[in-house]
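Enquirer: The structure that follows is given in the form of structure tokens.
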Amino acid sequence: MLLSCGDALIDFLPSRTADGREAMTPAVGGSCLNIAIGAARLDVPTGFVGGISTDTFGRMIADHAAASGVDLGRATRSDHQATLAFARVTGTETQYAFYDADTASRNWTYRREAIARDGVSCLHTGSTTLVHDQGAAETLAFIEDIRPQVTIALDPNCRPNLVKHRDAYRARMLAFCGKADIVKMSDVDFAYLFGEEAYAERADALLAAGTSLVVITRGDNGACAWHRQTGLIEVESPVVKVVDTIGAGDSFQAGLLAALHRLDRIERRGLGSISTAELTRALAFACKCAAFTCTRAGADPPRSRELPAGCW
């Protein structure tokens, strides 16, 4: 089973009224919830760990996750309000304004007795949960507790507008990278964290520190990955008509973890001995999932039956 720990929220996406005025349409989002939904839709047993409100928006989140097959038995429901994020698309990038003070996500705390671990093979985390001191501390406690038995996957999914002290945030992300077996980030995240440093240089440092797999996604330029056994692997992204890129990175991560699960390479020992052919297949599948998500509005990852025949 895969667990995804972190943010669950409502995205308000840009739209137009019938008379052409700007409008905002609510949609369930949150990077970590998106990844749980994406993996569950690809037929991987998946659970979500984090705070979900009992308010109207929280019920939308819970209903949407359950409809995709995500197990919410490890989530914490509370009467704190749901996090809201307002999205605006500029070129190929999506910018967000977050309303996240005293929310269900921000108030989540790690309770060991509330999280069943039997059968869990991988824990994913990242995004806005790790920006704030409490969220980062609670998530780190969870990782430290479960890491001896479970593969840890990380996607920083940086949100610069939430970061108050960039150097401290960068140090925090490096600390979380040091706990992760799989580190995936976009080229935009990489530039925010590491500037003009070469991908390979940072990948080598992470691998030397204990990470098994480092992946950089590059939008329509595909993805590149480094692994101790296979070295550098590059895959192309399918050409599609892009509606928006919201949730594309989350769909990539969900597709990658789902592919590793299907290949029986998600557990730490299997991940460490993955072959070049297997990793190439997993990365290509992840790119296909991300590209599919770009063909429709919002974070709406594909179900297995929606993907073209032979996609896997």
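The values are calculated or read from the model by the stated rules, or taken from the named source; none is laboratory data. Treat the numbers as computed from the prediction; the structure is a model and nothing was measured. Cβ placement follows ideal geometry from the backbone for every residue including glycine, while neighbour counts extend to all protein chains displayed. The accessibility values were calculated without ligands, DNA or RNA, using every heavy atom of the protein model including side chains. Shrake-Rupley method; radii C 1.70, N 1.55, O 1.52, S 1.80 Å.
Enquirer: State yes or no: is N157 on the phi > 0 side of the Ramachandran plot and among the polar types (S, T, N, Q)?
Expert: yes
Enquirer: Given R296, R265, R281, which one is open to solvent by 40 Å² or more (accessible area, probe 1.4 Å), of a type outside the set (S, T, Y) and under 28 Å from F12 (Cβ atoms)?
Expert: Details: R265 fails: under 28 Å from F12 (Cβ atoms); R281 fails: under 28 Å from F12 (Cβ atoms).
Sole residue among the options that is open to solvent by 40 Å² or more (accessible area, probe 1.4 Å), of a type outside the set (S, T, Y) and under 28 Å from F12 (Cβ atoms): R296.
For every residue, the table says whether it meets (1) free of Cβ contacts under 8 Å to residues at least 60 places away in the same chain; (2) among the hydrophobic types (A, V, I, L, M, F, W, C).
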| residue | (1), (2) |
| --- | --- |
| S251 | no, no |
| G255 | no, no |
| T280 | yes, no |
| A286 | no, yes |
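Enquirer: Another one. Test of understanding: among T94, T90, T129, which residue is surrounded by 14 or more Cβ atoms within 10 Å (Cβ to Cβ), closer than 26 Å to E22 by Cα, at pLDDT below 95 and of a type outside the set (G, A, S)?
Expert: On the way: T90 fails: surrounded by 14 or more Cβ atoms within 10 Å (Cβ to Cβ); T129 fails: closer than 26 Å to E22 by Cα.
Selected residue: T94, the only one of T94, T90, T129 that is surrounded by 14 or more Cβ atoms within 10 Å (Cβ to Cβ), closer than 26 Å to E22 by Cα, at pLDDT below 95 and of a type outside the set (G, A, S).
Enquirer: Here's a follow-up. Please specify each residue of region 6-43 satisfying the condition of being open to solvent by less than 10 Å² (accessible area, probe 1.4 Å) and of a type in the set (V, I, T).
Expert: Within region 6-43, I10, I35, I37 qualify.
Enquirer: Then there is this: Taking region 63-79, which residues are surrounded by fewer than 21 Cβ atoms within 10 Å (Cβ to Cβ) and either in contact with a Pro (Cβ under 6 Å, 6 or more places away or on another chain) or not in a strand (DSSP E or B) (or both)? Don't jump to the end; show me each part of the working.
Expert: Residues of region 63-79 that are surrounded by fewer than 21 Cβ atoms within 10 Å (Cβ to Cβ), as a first pass: 63-64, 66-69, 71-74, 76-79.
Across region 63-79, the qualifying residues are D63, H64, A66, A67, S68, G69, L72, G73, R74, D79.
Enquirer: Quick check on region 184-225: of everything there that is aromatic (F, W, Y) and in contact with a Phe, Trp or Tyr (Cβ under 8 Å, 6 or more places away or on another chain), which residue is least open to solvent (accessible area, probe 1.4 Å)? Steps first, please.
Expert: Of region 184-225, the ones aromatic (F, W, Y) are 190, 192, 194, 199.
Filter again for in contact with a Phe, Trp or Tyr (Cβ under 8 Å, 6 or more places away or on another chain), leaving 190, 199.
Details: F190: 5, Y199: 72 Å².
Only one residue tops the list, namely F190.
Enquirer: Follow-up question, since we're still on this one. Identify, by number, the condition in (1) in contact (Cβ under 8 Å) with a residue 60 or more places away in the chain; (2) surrounded by 12 or more Cβ atoms within 10 Å (Cβ to Cβ); (3) part of a loop (DSSP other than H, G, I, E, B) that C158 doesn't meet.
Expert: Failing condition for C158: (1).
Enquirer: Further question on the same structure: Output the residues belonging to region 101-126 that are over 19 Å from A180 (Cβ atoms), buried (at least 20 other Cβ atoms within 10 Å of the Cβ) and polar (S, T, N, Q).
Expert: Across region 101-126, the qualifying residues are T103, S105.
Enquirer: Mind checking which pairs have a first residue in region 108-137 that is touching a residue at least 60 places away in the same chain (Cβ under 8 Å) and a second that is open to solvent by 30 Å² or more (accessible area, probe 1.4 Å), Cβ under 6 Å, 6 or more apart or different chains?
Expert: Between residues of region 108-137 that are touching a residue at least 60 places away in the same chain (Cβ under 8 Å) and residues that are open to solvent by 30 Å² or more (accessible area, probe 1.4 Å), the close pairs are G119/M1; V120/M1; S121/E267; T128/R159.
Enquirer: Moving on to the next point. Regarding F176, is this residue touching a Leu at 6+ places or on another chain (Cβ under 8 Å), part of a helix (DSSP H, G or I) and either open to solvent by 20 Å² or more (accessible area, probe 1.4 Å) or not small (G, A, S) (or both)? Please lay out each step first, then the result.
Expert: Working: touching a Leu at 6+ places or on another chain (Cβ under 8 Å): yes; part of a helix (DSSP H, G or I): yes; either open to solvent by 20 Å² or more (accessible area, probe 1.4 Å) or not small (G, A, S) (or both): yes.
Judged against the criteria, F176 is a match.
Enquirer: Do any strands (runs of 3 or more DSSP E) entirely within region 1-45 hold 1 or more residues that are among the β-branched types (V, I, T), and if so, which?
Expert: Details: elements: 2-5, 9-16, 22-29.
Those strands (runs of 3 or more DSSP E) span 9-16, 22-29.
Enquirer: Right, T245: farther than 25 Å from A291 by Cα and either in a loop (DSSP other than H, G, I, E, B) or of a type in the set (D, E) (or both) or not? Step through it out loud before you land on a result.
Expert: Working: farther than 25 Å from A291 by Cα: no; either in a loop (DSSP other than H, G, I, E, B) or of a type in the set (D, E) (or both): yes.
The answer is no for T245.
Enquirer: Determine whether region 103-115 contains at least one residue that is under 18 Å from C32 (Cα atoms), under 19 Å from the mean Cα position of the chain (by Cα), charged (D, E, K, R) and in a loop (DSSP other than H, G, I, E, B).
Expert: Within region 103-115, one or more residues are under 18 Å from C32 (Cα atoms), under 19 Å from the mean Cα position of the chain (by Cα), charged (D, E, K, R) and in a loop (DSSP other than H, G, I, E, B).
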